[in-house]
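Visitor: Dropping the structure in here first, questions after.
The values are calculated or read from the model by the stated rules, or taken from the named source; none is laboratory data. Remember, it's a predicted structure, so these values are computed and weren't measured experimentally. Note that each Cβ is placed from the backbone with ideal geometry, even for glycine, and that neighbours are counted across all protein chains shown.
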Amino acid sequence: MIDKKGNIIKPDFVELTRYAKQFSGLTTEKEAVLLSIKDEVSPLLGTVTDKFYDSMNDISEAASFLEGRVAALKQTHLNWMISIFTGPYNEAYTESMYNVGDTHVRVNLPVEFMSGGVTLVCNELYKIVFELYGNDSMKAHSIVDAINSAMGFSLFVMQKSYHASIDEALDKFLLITGMSEALFEKLSSSFNATRS
Ligand code: HEM
């Protein structure tokens, strides 16, 4: 959203945290599960990051975004992965994931890269969970459940900034042209009607 002077209005991150937690089922109990395995999992996360960027290089649509940046991106990616196990999942985390989404929007990364990227990371994390805790199915299940919620939470927030950028583009158009939203909606409905 932008205001009448064209300034970007950021969302209420306390409210967005609540909203994303409801949709992802991320609870304080699940945060505690993630924190409890941080020390065992952290040394293995570098491999997850390496595999992630290997997969990106194999996807032609993604590889071109990475040229000359892989080393730096691997570091930020690894920092993010460690933060998955440390939390805390508060408004500061939400704001940082929203800003990561924003960064991706600014470099024109397609929105499907977010869900695709999170899926690939989850695939690797689940392998680690079963390597480390496969002999205790209850524990492995609770960890997978917690990872799923934390990754869902992060994805939800990153995608929210993509939607906000679409709203911003429309707001800017209305501001520049001086057109009212009502007139835009009317024109848009008649345009749709002529095409159906
Ligand atoms: C699991 C999903 C992803 C996460 C959590 C993630 C995380 C991050 C983080 C933390 C940054 C640094 C943000 C900053 O410094 O402001 C970043 C930047 C970046 N990411 Fe991702 N990323 C994801 C998926 C992807 C994918 C699939 C690609 C495409 C190949 C990609 C390409 C980039 C690029 C090109 C930048 C640098 C943008 C710039 O020039 O500043 N990311 N990402």
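Visitor: Suppose we keep only residues that are under 16 Å from the mean Cα position of the chain (by Cα) and within 15 Å of the ligand (Cβ to nearest atom) within the stretch 12-49. Which one would you say is farthest from THR94 (Cα to Cα)?
Guide: Among them, the one singled out is THR49.
Visitor: Just name the residue that is farthest from MET97 (Cα to Cα) out of those in the stretch 1-27 that are hydrophobic (A, V, I, L, M, F, W, C) and modelled with pLDDT under 95.
Guide: My answer is ILE2.
Visitor: Right, LEU66: farther than 29 Å from ALA169 by Cα and either in contact (Cβ under 8 Å) with a residue 12 or more places away in the chain or surrounded by 15 or more Cβ atoms within 10 Å (Cβ to Cβ) (or both) or not?
Guide: no
Visitor: For SER190, which of the numbered conditions (1) surrounded by 11 or more Cβ atoms within 10 Å (Cβ to Cβ); (2) more than 16 Å from the ligand (Cβ to nearest atom) fails to hold?
Guide: For SER190, the exception is condition (1).
Visitor: If GLY25 meets every condition in (1) touching an Asp or Glu at 6+ places or on another chain (Cβ under 6 Å); (2) on the phi > 0 side of the Ramachandran plot apart from one, which number is that one?
Guide: With (1) touching an Asp or Glu at 6+ places or on another chain (Cβ under 6 Å); (2) on the phi > 0 side of the Ramachandran plot applied to GLY25, the lone miss is (1).
Visitor: When you scan the stretch 50-80, how many residues do you find that are more than 10 Å from the ligand (Cβ to nearest atom) and of a type in the set (S, T, N, Q)?
Guide: 1
Visitor: Still on this model: Just wondering, is there one or more residues in the stretch 19-40 that are in contact with a Leu (Cβ under 7 Å, 6 or more places away or on another chain) and closer than 25 Å to ALA146 by Cα?
Guide: yes
Every residue, every condition in (1) modelled with pLDDT under 95; (2) surrounded by 15 or more Cβ atoms within 10 Å (Cβ to Cβ); (3) more than 9 Å from the ligand (Cβ to nearest atom); (4) closer than 24 Å to VAL14 by Cβ, yes or no:
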position	(1), (2), (3), (4)
ALA92	no, no, yes, yes
MET97	no, yes, no, yes
VAL107	yes, no, no, no
MET114	no, yes, no, yes
LEU125	no, yes, yes, no
MET138	no, no, yes, no
PHE153	no, yes, yes, yes
